[in-house]
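The block underneath contains the structure these notes are about, expressed in structure tokens.
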Amino acid sequence: MRRIELLGMEVENFRSFREPTVLSFEGGIGLNYLTGDNQVEPLLDGNGAGKSTIWDALLFVISGTSVRGLRASDLVTWGGSRPCVTSIWKIGEDLVSITRQGSPNKLTINDIPAEQKEVDTLLGLTRLQFLHSVVFGQACPLFPDLSLPERAELVDNILNLDVWLKAAEHAGKEHTRLQ
């Protein structure tokens, strides 16, 4: 199994990040705690500091929508031009950049035009899988909130059980043929 690590992002014209802003996540593996400091309205403490926007930017760059499913036209900074997010990943021993710009949409992997399926394959997770295993967004249903059929479908999807079912079916047919 290969190790995948998000090293950082650059966010521009995306919600509260008007100017290019570099965010570093180089802290090693494990659970990370994100807190905010609202310097515009100090009485709000960490509220309105842009924490949720960071996760929206991450979901946008890997899937084209925010945590809540908003598209680029809804995520652009007020009065700004097209939103742009670049993420830098260490996948195995390779450094990989994924960049997504919105309206018109443009997706690149290492500066080469790409399709969504390539990002999903590169990270090994679809948007839905990412939302249930990496980023747990506000106002999004979590695994315990799902119905039993939805939970089963999600687990099947994450574990890619279709491969096992096809293999078992093939083994059964081969067993019958050999008998």
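Summary of computed values
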item: Options LYS166, LYS106; residue that is without any contact (Cβ under 8 Å) to a residue 24 or more places away in the chain, basic (Lys, Arg) and touching a Ser or Thr at 6+ places or on another chain (Cβ under 9 Å); result: LYS106
item: Looking only at segment 60-70, and only at residues there that are hydrophobic (A, V, I, L, M, F, W, C) and modelled with pLDDT under 95, the one that is surrounded by the fewest Cβ atoms within 10 Å (Cβ to Cβ); result: LEU70
item: Residue count for segment 74-98, restricted to those that are out of contact with any Phe, Trp or Tyr (no Cβ under 6 Å at 6 or more places or on another chain), under 27 Å from ASP37 (Cα atoms) and not aliphatic (A, V, I, L, M); result: 11
item: Members of segment 92-105 found to be more than 14 Å from VAL22 (Cα to Cα) and surrounded by 15 or more Cβ atoms within 10 Å (Cβ to Cβ), listed by number; result: VAL96, ILE98, ARG100, GLN101, GLY102
item: Some residue of segment 170-178 being closer than 24 Å to THR21 by Cα and either among the small types (Gly, Ala, Ser) or not in a strand (DSSP E or B) (or both); result: no
item: Boolean, LEU142 is within 19 Å of the chain's Cα centre (by Cα) and at pLDDT 90 or above; result: no
item: Test for SER73: is it within 14 Å of GLY102 (Cα to Cα), surrounded by fewer than 14 Cβ atoms within 10 Å (Cβ to Cβ) and within 20 Å of the chain's Cα centre (by Cα); result: yes
item: Unique match (being in contact (Cβ under 8 Å) with a residue 60 or more places away in the chain and open to solvent by 70 Å² or more (accessible area, probe 1.4 Å)) among TRP89, TRP55; result: TRP55
item: Test: GLY137 is open to solvent by 30 Å² or more (accessible area, probe 1.4 Å) and at pLDDT below 90; result: no
item: Of residues in segment 1-11 being part of a loop (DSSP other than H, G, I, E, B) and charged (D, E, K, R), the one farthest from the chain's Cα centre (by Cα); result: ARG2
item: Boolean, ALA171 is aliphatic (A, V, I, L, M), surrounded by 11 or more Cβ atoms within 10 Å (Cβ to Cβ), at pLDDT 85 or above and farther than 21 Å from SER66 by Cβ; result: no
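The values are calculated or read from the model by the stated rules, or taken from the named source; none is laboratory data. For clarity, every value in this text was computed on a predicted model and none was experimentally measured. All Cβ positions, even for glycine, are placed from backbone atoms using ideal geometry, and neighbour counts span all protein chains on display. When the accessible area is computed, the model is the full protein with side chains, heavy atoms only, and any ligands, DNA or RNA have been set aside. Shrake-Rupley method; radii C 1.70, N 1.55, O 1.52, S 1.80 Å.
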